[in-house]
1. Select from region 155-184 the residues that are over 22 Å from Glu207 (Cβ atoms) and without any contact (Cβ under 8 Å) to a residue 40 or more places away in the chain and list them in ascending order.
2. Which of (1) farther than 20 Å from Val314 by Cβ; (2) surrounded by fewer than 22 Cβ atoms within 10 Å (Cβ to Cβ) is the odd one out, the single condition Glu493 does not satisfy?
3. Take the residues in region 203-252 that are of a type in the set (Lys, Arg) and in a loop (DSSP other than H, G, I, E, B); name whichever of them is surrounded by the most Cβ atoms within 10 Å (Cβ to Cβ).
4. Kindly indicate the residue of region 338-382 that is of a type in the set (Lys, Arg) and assigned to a helix (DSSP H, G or I) and also farthest from Leu290 (Cα to Cα) among those meeting that condition.
5. Of all residues in region 171-199, how many are out of contact with any strand residue (DSSP E or B) (no Cβ under 7 Å at 6 or more places or on another chain) and in a loop (DSSP other than H, G, I, E, B)?
6. In region 320-334, is there at least one residue being among the charged types (D, E, K, R) and crowded, with 21+ Cβ neighbours inside 10 Å?
7. Counting just the residues of region 383-415 that are assigned to a helix (DSSP H, G or I) and in contact with a Phe, Trp or Tyr (Cβ under 6 Å, 6 or more places away or on another chain), which one comes out modelled with the highest pLDDT?
8. Given the residues Arg34, Arg12, Arg30, Arg23, which is the only one that is touching a helix residue (DSSP H, G or I) at 6+ places or on another chain (Cβ under 6 Å), modelled with pLDDT of 90 or more and among the basic types (Lys, Arg)?
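The values are calculated or read from the model by the stated rules, or taken from the named source; none is laboratory data. Computed from a predicted structure; not experimentally measured. Cβ sites come from the backbone with ideal geometry, for glycine too, and all protein chains shown count toward neighbours.
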Amino acid sequence: MLALHEALCFLRAYPDDAALLARVIRELERFALRPDLRRLRDELVDSGIAGTGIHFPFHWVTARWLTQRWPGALRVDQAAIGERERERFEQLFPLLLPEAEWPDFELGLGPAEWLRRAKGPDETDAELLIGRVARLRAAPRVREALFHDLGLPLILEPGPDTPNRTSAWHALGPPVFQTRSLSRARPTLRQVVRRRPRSVVGVSAREGQRLIELGREALLARGRDLDGMVYASRDDVRVIDAGDGLTLACWGLLPEHRALVESIYVFLLLKNGVPIGYYQAAVLFGSAELNYHVFPSFRGVEAAEVYARALGVVRHLFGCDAFSVHPYQLGHGNPDALAAGAFWFYRKLGFAPENPRVVAELAREERRLAKSPRHRSSPAVLARLASDYLFFYLGRRRDDVGSKLVLSRFSLAVTDLLARFGAARERGLAELAREAARLTGTRLAALGAGERLAFERWAPLILALPGVEAWTLAERRALGRVARAKGGSSEDEFVRRLDAHRRARRALLALAR
């Protein structure tokens, strides 16, 4: 059953011709109605197949979205509540209720009974919890943390259009048929990365929302959740045609959820409109760290070519000429990537380590491979190779790439400045924003909501930059425009302005080192 489903999903992404595509679509559209699926539903739970349930510790924002989008489908998995979850429930559930009904757990009632008695007649137990958390007079981060700490296991019951892999598709253009054998060839990365995509088109907020939800549902159907999709901005979505039926939907984050200095963009990979994977690019100083994932059904074919085009899109959009891969992607703390030998996928494309210990390990292993082409790296060797970043440069090797910097030092510099205000952090932020505005010639009253939020967050960082008071007036005003751009409808302008401000770049690098 599962193998048939995966074959159909693959053929929808890589159809031979129109007749086959039409037949595949018919089979997928009625897959949830198959008698054998109903019979095997319990065995196929968490498969993401239409008509099956999903068990997952959903993020607070995601859980709330699910209850709003599919009322009655989300509930607490009572059978999976253990002693740890029960203890958390007893500690945190009272905080969600009025004082008059403070629950007495000495009555011997467990979470299932308390939730059954407390919920309304037209809501599930999960909807009760989510509704009560939503009504707390607390900052969003506090709600998210409380819901996370509550930690109750949840089930999304299947419905006609609940998130699934079976029907995941979005019309982006006419299908491109597979008229030749699928290639496993390894491209010349430098050539492919320099190739421009066929088109880059901004889309409406409505279309952007559809693409974001397609990405969210594609991940949920595979037991995944990603902040870059949870906090995506529908006003900053583009569709990139990379050729041969490969399309990328790219979006940035809402201003209130953006990183302080890096710019985070998420890309959904679509083959003939079918989600086949995703990646996240953290962009800074003309470099990008990519966290890349292809869904299991679509691995093994065109893998290197698709990855090369993905890098090319990031280069085209943000002017990056340096790329890095996090150790987790290579197998560090990631058994699946380690077992798959992910290190060698990147190495054979031209990525290289810079940590002397890993460089020496790689040299020894490549000598073994040269002596015996049948040699395979042991798990222990792969673990050592995967213990640090890999890098790829289109130009010269450099040290001012995001992955080599300690970005948390920016926040530490902010902490050092705010420390003089003690607990009165909010007053401190307001005072520092006014001071930074005077320094940069910025009129706070003239800023839009997103720009003002970004400038206020950047204000302590501006004042922490070494020697900033001695900069020219033009340099300080340009710095103010950099900070404001962080809160624009898109972070593109921020990326361009920061890269162009050489003095700000040098000062930030001094802080980060």
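1. Pro160, Arg180, Ser181
2. (1)
3. So the residue we want is Arg222.
4. Initially, region 338-382 is screened for residues of a type in the set (Lys, Arg), giving 347-348, 357, 364, 367-368, 371, 374, 376.
Restricting the remaining residues to those that are assigned to a helix (DSSP H, G or I) gives 347-348, 357, 364, 367-368, 371.
Values: Arg347: 15, Lys348: 17, Arg357: 23, Arg364: 27, Arg367: 29, Arg368: 29, Lys371: 33 Å.
Residue satisfying both the conditions and the ranking: Lys371.
5. 19
6. Kept after step one, since they are among the charged types (D, E, K, R), are these residues of region 320-334: 321.
Narrowing further to those that are crowded, with 21+ Cβ neighbours inside 10 Å: none.
Taking every residue of region 320-334 in turn, none turns out to be among the charged types (D, E, K, R) and crowded, with 21+ Cβ neighbours inside 10 Å.
7. That would be Leu385.
8. None of the other options fit; the residue is Arg12.
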